[in-house]
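Notes for the one structure printed next.
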Amino acid sequence: MASSIANGGGGHSALRFYLTKTAQFVLVLATTLLGLVAVTFFIGRIVPVDPVLAIVGDRAPPQVYARVREELGLDLPLIQQFWVYLKKAVTGDFGNSVLTTNPVMTDIANTFPATFELATLGTLIGSIIGIPLGVLAAVKRGSLIDQVVRFIGLAGYSIPIFWLGLMGLLLFYAKLGWVAGPGRIDVTYSYLYTPVTGIVLIDTAMQGQWDAFWDAVSHIILPACLLGYFSLAYISRMTRSFMLNELAQEYVIAARVKGLSEMRVIWRHALRNAAVPLVTVIALSYANLLEGSVLTETVFAWPGLGQYITNSLQNADMNAVLGGTLVIGAAFVLLNLVSDLLYRLLDPRTR
Amino acid sequence: MKRLPKFLLSAAMIATMATSFNAVQAATPPDTLVHAWQIDDIISLDPAEIFEFSSSEIAGNTYERLINYDVKDVSKIYGEVAESWTVSDDGKTYTFKIRQNKKFASGNPLTAEDVVFSLQRAVILDKSPAFILGQFGFDKNNVKDKIKQTGPYELTIEVDKPYAPTFVLYCLTSTVASVVDKKLVTQNEKDGDLGYNWLKTHYAGSGPFTIRDWKANEVVVLERNPNFEKKAPLARVIYRHIKETATQRLLLEKGDVDIARNLNPEEIAAVSKNPDIKVDSAPKGTVWYLGLNQKNPNLAKPEVRKALKYLVDYAAIADTIMKSKGEVHQAFLPRGYLGAINDTPYKLDVAKAKELLAQAGLKDGFSVTMDTTSRPETTGIAQAIQSTFAQAGVKLELIPGDNKQTLTKYRARQHDIYIGEWGSDYQDPNSNADTFAANDDNSDNAKSKPLAWRNSWDPGPLTAKTRAAVMERDAEKRAQMYKELQQAVLDDGPFVVFLQKIEVAAERKNVDGFVMGPSFDTNSVAQAKKN
């Protein structure tokens, strides 16, 4: 992406830039998705799991087995199966999940908001805390603060999220009772609001169900902090190294010589420049969380995309896996675009 | 989402309840029972298709069948929708009288027409469990003549051969024979699908509870059926899908769920020390076994099959890895089934095993693989078996795999040894005899593929004996035949049965009356309440 920006640099008009950008985006999106579908499709057909089993179970008589196999189109040659899938997918029909019996896109519309809600909150927490920590560590390089931040980062990388999640539940939910337990909302509140966006926090707030809203907050806070911690570990480390790089630049010395306050030098000048690569880092970490953190979702009984895709994969429910992969692929491409656009806002040289 | 408007009524009720709770209160409403359970196996709510554990339990609590059996004494069969029944002298015609004044949850009256429709429908749809009815000679072409309404409250079922009546009756207690609301289902029929596409996600029954909502991999909500004669004490029952067992335990101890269904042995031991929690259990009609593929030349030797039966530490597995979740059992019929052998002749005996291996010309042992699903329990048992096998020089290599992956390989008989569970399809001994002791065609392209086939075993005369046992109308003689079949498989068969499964539920102390039967569709919340 960075190279395309460099090519587009110079004196082009903003309109032209956005037009090329849009065309590029559509092209990238289409090829990425096509590639993804093809790879996932063929890998899925090689996996030594019989997808018919997920539907008919282990006991079905042979004629039932054969009929379902035919219904799934598995008796056709592989290439033909792929063609049939593509033809349908282009018209927006991604097939039904065999496990849930719903159209795949309905399932994803049900599970993605849960993941989206958690990932967004996690990334926000990670950035809001991670960036200042990283800056602090860079400025006070070698000090105790730097060591502490390094330790936090290291721990975030190396402690299994599964274990940390369970410990968090044990402490804050079971022992202290500060937060609510696994799940998105208590049974008592779960039918008090109508799902519109699928994002519980927004739905409950828009419908004025404040009790339900606060209950949802008390459910999401722990897993969001947990994911926040993991993105914080990454973001703070990267912020530190970008900042160290900037602080060694001549313009920083110049600013200091000019007599600007240290605060201004660090937060307005150095961080502003470090922000450009940082955007990519945050976008990547966000995209990672959007895939759905399977382990976090499992520990917290969070009905998100990660659990959905994993479960589908284990049952060779290929329509569901393909649909999920497409959505994640699209999210990646979209986030890439957003970070490209942010580059342009943050770095005048790319305009 | 479509079903939500229906919910607004009950939501109003819950809303009034909710205000009496503060936000941090961790307790479920007093008229609601909340289970934490792994319910991602549900693929359909249509009783003609239901064949999975959790959906069977849901069907058992929401639908009624013609007849059912007493969970405390399975030999007692009683009428559920049926008031009485008779068997003709030639043993081929069963006549059922239906109770009058019964109503479905929809308000429609339940008559013989509904029963006939339901049974015909299950045969015509021909989903996985349809063979339970199909084995009496029904198919989509003849079922309308064989299962007939003979009066507003009377019907006859004509089977193709004079089977043992218990065999026919037990099969009619299965989920697949549930009675569905003909009028309601027909209203939702599309393109001659007999309402299948609708009923997959909806409800049309007459049981103590109705199914209000199913969100795949998330939740199933049951609500009391106001038309049911013996009203359920609970207003609703909620099954929450909680995959992680440690999470189930936390929710239970905190009181956010009332029953945890999948705790592992350590977690059961831990929660049983909690004064607010009690542990209940029931033996299930499921056995754990090793399948020895006879395509492997070593495993095909009778001495080796026998030696391996002496190389499993039955007691240690039941007392440690599977503590409270299994008891030692070695015959293919689970305890509680007609004719089941409850003796356990084998125990770990390395010297005897070595002797047998030497007789087979394998004095120094041999190497063999075992396909193992990566579930913690299976892995634990497999490792225990690996270590006892090693004591006699049998080098067992474990091949871990995902459940469906291992099963795919097993079904194609490409394994050496397979470790797994087998649950009976219905309450009659034929269910297990048919798979462990009979194999009509051992060729690769056989039409029917029972467990004996999967392990490439030709049981010889046992096949004919299994077929004869199902026709024996004298219960005592019939039981004796199954005893002989089990004994033959115990002595020489390629199956090392080692445990009978026990289902365990950890419940909050105030939960009362959740009954666990021998099969999942006899796990009942109909009379459960909270004190």
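With all pairs of different alpha carbon atoms counted, what Kirkwood hydrodynamic radius in Å does region B:145-264 show?
Value: 18.0 Å, from the Cα pair sum.
Note the angle between two axes, namely the Cα long axis of helix A:271-290 and the longest principal axis of the Cα atoms of chain A, as a number of degrees from 0 to 90, rounded to the nearest 10.
Tilt relative to chain A: about 20 degrees.
Could you work out the pair-distance distribution P(r) of region B:452-531 from its alpha-carbon pairs, with 10 angstrom bin width and percents rounded to whole numbers?
Bin by bin from 0 Å, the calculated values are 14, 28, 25, 18, 14, 1.
Cα-based Rg of region A:288-349 per 2.2 N^0.38 Å, rounded to two decimals?
Against the empirical 2.2 N^0.38 Å value, I get 1.46 for region A:288-349.
Taking a temperature of 10 °C and a viscosity of 1.306 mPa s, what whole-number D in µm²/s does Stokes-Einstein yield for chain B with Rh from Kirkwood over alpha carbon pairs?
64
Would you mind checking the radius of gyration and Dmax of region A:88-216 based on alpha-carbon positions, in Å?
Spelled out, the Cα radius of gyration and Dmax of region A:88-216 are 20.0, 60 Å.
Scan chain B and note any complete DSSP helix (H) whose C-alpha atoms cover at least 20 Å along its axis and whose Kyte-Doolittle average is 1.6 or more.
Span-like helices here: none at all.
From the gyration tensor of the Cα coordinates in region B:64-199, what semi-axes in whole Å does the equivalent ellipsoid have, largest first, with each one equal to sqrt(5λ)?
Computed over region B:64-199, the values are 22, 18, 14 Å.
Which distance in Å, rounded to a whole number, links the C-alpha centroids of region B:47-122 and region B:405-433?
Between the Cα centre of region B:47-122 and that of region B:405-433, the gap is 28 Å.
Give me Rg/Rg_expected for region A:107-314, where Rg uses Cα atoms only and Rg_expected = 2.2 N^0.38 Å with N residues.
The reported ratio for this selection is 1.18.
When only alpha-carbon atoms count, how far does region B:284-502 stretch along each of its three principal axes, as whole angstroms with the largest first?
Cα spread of region B:284-502 along its principal axes, largest to smallest: 48, 39, 36 Å.
Would you grab the residues whose amide H sits under 5 Å from the one on B:Val34? Only those 5+ places off in sequence or on another chain, please, with H modelled 1.01 Å from N.
It is B:Ile238, B:Asp258, B:Ile259, by chain and number.
Can you work out the base-10 log of I(q)/I(0) for region B:236-377 at q = 0.10, 0.13, 0.16, 0.20 1/Å, using the Debye formula on its C-alpha atoms alone?
Relative scattering, expressed as log10 I(q)/I(0), comes to -0.51, -0.77, -0.99, -1.25.
Give me the mean projected area, in nm² to one decimal, of the convex hull enclosing the Cα positions of region B:80-134.
4.8
Using the Karplus curve 6.51 cos²θ - 1.76 cosθ + 1.60 with θ = phi - 60°, work out ³J(HN,Hα) for each residue of region A:124-137 in order, rounded to whole Hz, and write x for Gly and Pro.
4, 4, x, 6, 4, 8, x, 5, x, 4, x, 4, 4, 5
For region B:310-358, just say rounded, prolate or oblate: build the C-alpha gyration tensor, square-root its eigenvalues into a ≥ b ≥ c, call rounded for a/c under 1.5, and beyond that prolate if a/b exceeds b/c, oblate if not.
Cα axes put region B:310-358 in the oblate bin.
Could you list log10 I(q)/I(0) for chain A at q = 0.06, 0.12, 0.13 Å⁻¹, which the Debye formula gives when each Cα is one point scatterer?
Taking Cα atoms of chain A as identical point scatterers yields -0.30, -1.05, -1.16.
Could you work out the relative contact order of region B:64-199? I mean the mean sequence separation of Cα pairs under 8 Å and 6+ apart, divided by the number of residues, in percent.
Worked out over region B:64-199, it gives 29 percent.
Distance between the C-alpha centers of region A:75-143 and region B:293-324? Whole Å please.
Each part's Cα centre sits 45 Å from the other's.
With the calculation restricted to Cα positions, what are the radius of gyration and Dmax of region A:238-351 in angstrom?
20.3, 65
Pick out, from A:Thr310, A:Leu337, B:Ser206, the residue whose Cα sits farthest towards the positive end of the charge dipole of the protein assembly as shown, with +1 on the Cβ of Lys and Arg and -1 on the Cβ of Asp and Glu.
Farthest towards the positive end: A:Leu337.
Please list the equivalent ellipsoid semi-axes of region B:123-211, computed as the square roots of five times the alpha-carbon gyration tensor eigenvalues, in descending order and whole angstrom.
Working from the Cα gyration tensor, I get semi-axes of 24, 15, 14 Å.
Could you work out, for the protein assembly as shown, what percent of all Cα-Cα pairs fall into each 20 Å distance bin, beginning at 0 Å and stopping at the bin that holds the largest distance?
Calculated over all Cα pairs of the protein assembly as shown, the distribution is 13, 41, 33, 11, 2, 0 percent.
Please report the relative contact order for region B:393-471, taking Cα pairs under 8 Å with a sequence separation of at least 6, and give it as a percent rounded to a whole number.
Computed over region B:393-471, the figure is 26 percent.
Limiting things to C-alpha atoms, what are the Rg and the maximum Cα-Cα separation (Dmax) for region B:298-424, in angstroms?
14.9, 42
Distance between Cα centroids, region A:281-329 to region A:28-54: provide it in whole Å.
Measuring centre to centre over Cα atoms gives 15 Å.
Below 8 Å, C-alpha to C-alpha, sequence gap of six or more: please give me the relative contact order for region A:107-314 in percent.
In percent, rounded to a whole number, it is 37.
If one puts a single equal scatterer on every Cα of region B:391-531 and applies the Debye formula without solvent, what log₁₀ I(q)/I(0) results at q = 0.09, 0.10, 0.14 Å⁻¹?
Summing over Cα pairs of region B:391-531 leads to -0.41, -0.50, -0.85.
Give me the angle, in degrees from 0 to 90, between the Cα long axis of helix A:305-314 and the longest principal axis of the Cα atoms of chain A, rounded to the nearest 10.
40
Only the coordinates and a few stated rules stand behind these numbers; no lab work does. Keep in mind that what you see is a predicted model, and the values were worked out from it rather than measured. Every residue, glycine among them, receives a Cβ derived from its backbone with ideal geometry; neighbour counts consider all protein chains shown.
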